[in-house]
1. For segment 356-379, which residues satisfy the criterion of being touching a Gly at 6+ places or on another chain (Cβ under 9 Å), farther than 20 Å from SER285 by Cα and open to solvent by less than 10 Å² (accessible area, probe 1.4 Å)?
2. Would you list the strands (runs of 3 or more DSSP E) that sit entirely within segment 41-153 and hold 3 or more residues that are crowded, with 17+ Cβ neighbours inside 10 Å and in contact (Cβ under 8 Å) with a residue 60 or more places away in the chain?
3. Just to be sure before I move on: is ALA366 at pLDDT 95 or above and either touching a strand residue (DSSP E or B) at 6+ places or on another chain (Cβ under 9 Å) or closer than 30 Å to ASP190 by Cβ (or both) in the structure I sent?
4. Search segment 17-36 for residues being modelled with pLDDT of 95 or more and more than 13 Å from PHE109 (Cα to Cα), and hand back the single one that is surrounded by the most Cβ atoms within 10 Å (Cβ to Cβ).
5. Report whether or not MET515 is open to solvent by 40 Å² or more (accessible area, probe 1.4 Å) and either at pLDDT below 70 or within 19 Å of LYS421 (Cβ to Cβ) (or both).
6. Looking only at segment 278-320, which residues are surrounded by fewer than 24 Cβ atoms within 10 Å (Cβ to Cβ), of a type in the set (Gly, Ala, Ser) and touching a helix residue (DSSP H, G or I) at 6+ places or on another chain (Cβ under 6 Å)?
7. Considering each of LYS161, LYS171 in turn, give the residue that is more than 18 Å from the chain's Cα centre (by Cα) and basic (Lys, Arg).
8. Does THR12 fit the bill of being in contact with a helix residue (DSSP H, G or I) (Cβ under 8 Å, 6 or more places away or on another chain) and of a type in the set (S, T, N, Q)?
Amino acid sequence: MGRVFVVGVGMTKFDKPGKRADDYPEWGKEAILAALEDANVKMSEVQLAAAGFVYGDSTCGQRVIYEVGMHGIPIFNVNNNCSTGSSALMLAKELVESGKCDCALAVGFEKMERGSLSSKFQDRTNPMEKHVEAMAELTDIQSAPMTAQMFGNAAIEHMQKYGTKPIHFAKIAYKNHKHSINNPKSQFRDEYTLEQIINSPNIFGPMTKLQCCPTSDGAAAAIIASESFVKKHGLEAKAVEILGIEMATDLASTFTDKSHIKIIGYDMTKLAADRLFRKTNKKPSDVQVIELHDCFSANELITYEALGLCPPGKAGEFIDRGDNTYGGKFVVNPSGGLISKGHPLGATGLAQCAELSWQLRGEAGARQVPGAKLALQHNIGLGGAVVVALYQLGFPEKRHNGAQSLAPTGDEGFIVTPYLKILQQAMDEDEDGLVENHRCVYGLRVVRPDGKTGFWVINTKIGKGKIIFNGTDKPDVTFIVKDGDVMDLLTGKIPPQKAFFQGKVKIQGNIGVAMKLIELQKTAAKKIEILRSKL
């Protein structure tokens, strides 16, 4: 079995159903052409395709792919509920890996209706019948949407069993909406306060409307290639290796263990993740960035534990530490996740693949995760199937200046750079003993107008402190600010409180530590004025 790579990805913007005037063939075409362009591959070089969708007639895959060329290639149509996109990706990967072809296309798309999902066929057995019956044995069925009840009941069980609080679920939604601000492909790009999320209309259990993913229209695609194809076409600089991919379905415990958490797929997620990490000789702590199936905030919280990101019952503490966002142990759903980016069922898994490919290449712009080397994908569908995958750069030594990276390797070109060099000098001198009073690891992410981002770690826990560009120490808190606004903040032109409320400074991580910035600005006023005079 040979190595397999993602060499090109593309996706449409995800939109509210009915917003776009065109139809799914055009959306699929847009995503496929973007992936082909990203890979610098022609459709005539693609030898096989897997097309994922849930709502549509049986050969919608052909209808989409014919838009970009009719070459007589095999086309497989895939439907695996919400894990459809990643199932199409897995099929394409397996066929390349087996030697069936050297270059394959995986595309996913969905045209959806507004509102909650419902069954389309009333004259036959519903595939979710056993899951709903298992839930009904544990609690009364309510009038809320069925999937919301299933995930909401799992949330209630987690609170009763482990002491998790409703605010933990709200914090997940707060994070994902905050992440989506920097994603131009996201259906929603609005930032909400924690209070707005908590006070939005209740859907079921602790979950409110802003903790639930919307229905969406959209498409995503990936070009999958063998190692020989990559090398023959000189694609090493962009090739992202699919290090491993695993699918699992429900176990008997889904129905026999009398647990809402297991009804929504905890055991099959754990099984697939355990297999993946064992076969790739990796462990959860090796991962930096994750795209996780957050159809509801409850599912993201429970999946932290199923994937091994934290021990069972410790998801609340994991969230409170900020270990699921920038500056923490992992960055989960930098795209905004399903909650904010949207969830066109057939496209979701391939959109996750696209985001992780951009992250590993350093092409994610303002949402770039520093030092992202190993990426984890999780895509689940009730009914049931879950797909988990690990990605890494296939040829990291081939990344070069010609690659369109938005993560610079040096700190040149940033307005803030000379100020940070003088700040380092001020720390070394430390005439006022400021370092001792502010022992912490701060992260500073600065975004230039051209979208390139710079990341500095300011570690004051050791000695006089060090400021390191692209430092690897884990920050206790990270500040995100536009390059042109940094000095307004440092010099007091904009008071920190006002900067926070105006959105000029975004905080990820320990908010209590972040508030030390206000104290520091007051005590360092004289030193800051000296800093200004030297430039």
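The values are calculated or read from the model by the stated rules, or taken from the named source; none is laboratory data. Treat the numbers as computed from the prediction; the structure is a model and nothing was measured. A quick note on method: Cβ atoms are made from the backbone with ideal geometry, for glycine too, and the neighbour counts reach across all protein chains shown. Areas reflect the complete protein model, heavy atoms only, side chains present, ligands, DNA and RNA absent. Shrake-Rupley method; radii C 1.70, N 1.55, O 1.52, S 1.80 Å.
1. Answer for segment 356-379, where residues must be touching a Gly at 6+ places or on another chain (Cβ under 9 Å), farther than 20 Å from SER285 by Cα and open to solvent by less than 10 Å² (accessible area, probe 1.4 Å): just GLY365.
2. Values: elements: 48-52, 75-78, 103-110.
Filter on segment 41-153 gives 103-110.
3. Details: at pLDDT 95 or above: no; either touching a strand residue (DSSP E or B) at 6+ places or on another chain (Cβ under 9 Å) or closer than 30 Å to ASP190 by Cβ (or both): yes.
So ALA366 does not fit the description; no.
4. Once the filter is applied, the top-ranked residue is ALA35.
5. Values: open to solvent by 40 Å² or more (accessible area, probe 1.4 Å): yes; either at pLDDT below 70 or within 19 Å of LYS421 (Cβ to Cβ) (or both): yes.
Spelling it out, MET515 is indeed open to solvent by 40 Å² or more (accessible area, probe 1.4 Å) and either at pLDDT below 70 or within 19 Å of LYS421 (Cβ to Cβ) (or both).
6. GLY308, GLY313, GLY316
7. Going through LYS161, LYS171 in turn, the sole match is LYS161.
8. On the way: in contact with a helix residue (DSSP H, G or I) (Cβ under 8 Å, 6 or more places away or on another chain): yes; of a type in the set (S, T, N, Q): yes.
It is true that THR12 is in contact with a helix residue (DSSP H, G or I) (Cβ under 8 Å, 6 or more places away or on another chain) and of a type in the set (S, T, N, Q).
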